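Only one structure is covered here, and it is reproduced in the block below.
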């Protein structure tokens, strides 16, 4: 049997998680900016806005379904200080795995046992985006390792292959379009 209090409690947990994700992405934004990783800076700024929009959507649904205002907790989530760009990427990758697991768990619970699949949809979509970022970040770490091992020739090849479109370029167009709801 569907229990209203269980639904509200899980909505609160999800809103708190999304607030933590926003805060973590904002910290990553500042750390990326500090290390001159402009593509990551733009990505983190964009993803923070996506997390905020999903959070607000779920808060709106809570009001519509249960006539309850759900406010996020004061987040203490922080992105760790990174000593260099490679350290940033490693910390970012580690954090992405945690975000992926947490957001996927929240989505799964909305599907079963809570029977609120519509609230799971944006969370699953966000989990897919996080997995894409995990893949890109892992590849960047691997490239750093290859450049360290193979030197300038590998660095030159990497620059040539990525000069046409970079992470910065990809998120520049997404930011220009704005963060839109499609759920």
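With a simple spin-label model that places each label point 7 Å from the Cα along the Cα-to-Cβ direction, the separation between residue 176 and residue 98 comes to 3.6 nm. Mean residue ellipticity, 222 nm, helices only, the chain: the sum of -39500 (n - 2.57) across DSSP H runs of n ≥ 4, divided by residue count and rounded to 500, is -27500 deg cm²/dmol. Helix 4-34 axis versus longest C-alpha principal axis of the chain: approximately 20°, rounded to the nearest ten.
Relative to the longest principal axis of the Cα atoms of the chain, the long axis of helix 117-150 makes an angle of roughly 20 degrees.
How far is helix 152-162 tilted off the main Cα axis of the chain, in degrees rounded to 10, range 0 to 90? Rounded to the nearest ten degrees, it is 50.
Gyration tensor over the Cα atoms of the chain: the corresponding equivalent ellipsoid has semi-axes (square roots of 5 times the eigenvalues, largest first) of 35, 15, 15 Å. Each peptide in 20-28, 90-98, 7-15 was scored by the mean count of other Cβ atoms within 10 Å over its residues; highest first, the order is 20-28, 7-15, 90-98.
Here, each number is a calculation from the coordinates, and none is a lab measurement. As the structure is a prediction and not an experimental result, all values here were calculated from the model. Ideal geometry is used to build each Cβ from the backbone, glycine not excepted, and the neighbour counts take in all protein chains shown.
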